[in-house]
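Enquirer: The structure under discussion is supplied below as structure tokens; questions concerning it will follow.
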Amino acid sequence: MIPPSLFNASRLCLAAGLLILPAWAMAQATSPESAWRDANAAVGQFPRGHADLLKWEQQQAPAIAPVAPAVPELALATAEQAVRQAWRAHRELARPLAILGATQADRLAAGRWLELDPSLNWRIHDFGELLEVAVQARKAWTEAVLSQQALAPLRQALAAADAAHELGQRMVSVGNWSRLQQTPVQLARTQAQMNLRRAQYAAAQAQARLLKTLGLSGLHAAVNLPAQLPELPADVMTEAQFQRRLAAIQSELPRGNRLRNQANAPLAFAAYQASLALARASQDELLPLRQYISEETVLHYNGMLKSTWDLLAEVQNQAQAQAGALAARRDFELANIDLQSVLLGAELASPLALGAGGSEAPQSAGH
């Protein structure tokens, strides 16, 4: 998440603009220089400047009654719960589940697929269908959680863009900016609005796909999901472990399936390794560095060494970094599911195409 100090500091900029507005309005008949002197005098009335200004604004704001959000009837806190719900929707799988037994079914539902006996593919009729339903349910649940989690940084980026747009309008109104100078700020706000709208639609679609996968379309409007996924796994599959498991499953498959598996498994393992490296780099390097820059920006802003535009741009950069880290995490989760299913003999429809999940391009600040 974006550090509260950074996000609150960006709100200070907009709060200052809202409080100073009466001074600007009274100065319309005077010069822009006079308007800015009045504005600075208004800020100077507070011992701690912008910090006291925001506190004053919050005290003057009318109380707003909170609106309780609708709580979905169905809650799925884990991917395992999603898998079991999907199995219940496929009544024809009751018999192979019974043959599989509680212990093996628990491992399959919990995603501990490498603990399963490789011979299950030919010993249990319809095991392939059991596995496919588990794969689709786990993927749908994961994508729904991450799509929901991606909304928070985009909302924060839009809030910063709104603040920048408001301040830009005020600078134009007193003649310190031209209409052309305001245009980049306005474009950034429009882009932030579009990004959030796309993400909201993607989250709604992910919810719809999850409900369809679980056989609950029309029965529930939404699913209550956890705020975020668990941490990245500490234990990862090594090359030696991969080769041993591949040899084990190869010995259990018919010749045609064995050839397809032999071709698909290395592709799945390469996607797993690459996506894990990107997800770890995003989590362990990119986000901590971005947080350090954010904290320093707030300190420099408080010391008048950074401008309002630098502060607002940093909120957007931080949000962009978080969105990229979530995209990298999504790639890893899907690659992990694909790899484990291939090592149980499942087919790989197509190799995972890794997105630009861990990349970021810092936005330039307006001055």
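The values are calculated or read from the model by the stated rules, or taken from the named source; none is laboratory data. Computed from a prediction, not measured in an experiment: that's the story for all the values here. Cβ: placed from backbone, ideal geometry, glycine included. Neighbour counts: every protein chain shown. Heads up: the accessible areas ignore ligands, DNA and RNA and are worked out on the full protein's heavy atoms, side chains in. Shrake-Rupley method; radii C 1.70, N 1.55, O 1.52, S 1.80 Å.
Enquirer: Within region 121-146, count every residue that is among the polar types (S, T, N, Q) and open to solvent by 30 Å² or more (accessible area, probe 1.4 Å).
Expert: Residues that pass the stated criteria total 2.
Enquirer: Consider V172 carefully, then state whether it is part of a loop (DSSP other than H, G, I, E, B), open to solvent by less than 80 Å² (accessible area, probe 1.4 Å) and aliphatic (A, V, I, L, M).
Expert: No.
Enquirer: Give the number of residues within region 324-358 that are in contact with a Ser or Thr (Cβ under 9 Å, 6 or more places away or on another chain) and assigned to a helix (DSSP H, G or I). Even if it seems obvious, please write down each step before you answer.
Expert: The first filter runs over region 324-358 and keeps only residues in contact with a Ser or Thr (Cβ under 9 Å, 6 or more places away or on another chain), leaving 324-337, 347-348, 352, 354, 357-358.
So of that shortlist, the ones also assigned to a helix (DSSP H, G or I) come out as 324-337.
Residues meeting the conditions: 14.
Enquirer: Let me ask something else. Could you please find all residues in region 83-120 being open to solvent by 30 Å² or more (accessible area, probe 1.4 Å) and of a type in the set (V, I, T)?
Expert: I99, T103
Enquirer: Within region 288-307, how many residues are open to solvent by less than 40 Å² (accessible area, probe 1.4 Å), out of contact with any Pro (no Cβ under 6 Å at 6 or more places or on another chain) and in a helix (DSSP H, G or I)? Give the derivation first.
Expert: First, the residues of region 288-307 that are open to solvent by less than 40 Å² (accessible area, probe 1.4 Å): 290, 294, 297-298, 301, 307.
Now narrow it down to the ones that are out of contact with any Pro (no Cβ under 6 Å at 6 or more places or on another chain): 290, 297-298, 301, 307.
Applying the additional criterion that residues be in a helix (DSSP H, G or I) yields 290, 297-298, 301.
The qualifying residues number 4.
Enquirer: Going by what's in this entry, would A240 be described as part of a helix (DSSP H, G or I), at pLDDT 95 or above and touching a helix residue (DSSP H, G or I) at 6+ places or on another chain (Cβ under 7 Å)? Talk me through it step by step, then tell me what you get.
Expert: On the way: part of a helix (DSSP H, G or I): yes; at pLDDT 95 or above: yes; touching a helix residue (DSSP H, G or I) at 6+ places or on another chain (Cβ under 7 Å): no.
Answer is no for this residue.
Enquirer: Follow-up. Looking at L158, L180, L196, L187 in this structure, which one is over 18 Å from L311 (Cβ atoms) and within 20 Å of the chain's Cα centre (by Cα)?
Expert: On the way: L158 fails: over 18 Å from L311 (Cβ atoms); L180 fails: within 20 Å of the chain's Cα centre (by Cα); L187 fails: within 20 Å of the chain's Cα centre (by Cα).
L196 is the lone residue from the list that is over 18 Å from L311 (Cβ atoms) and within 20 Å of the chain's Cα centre (by Cα).
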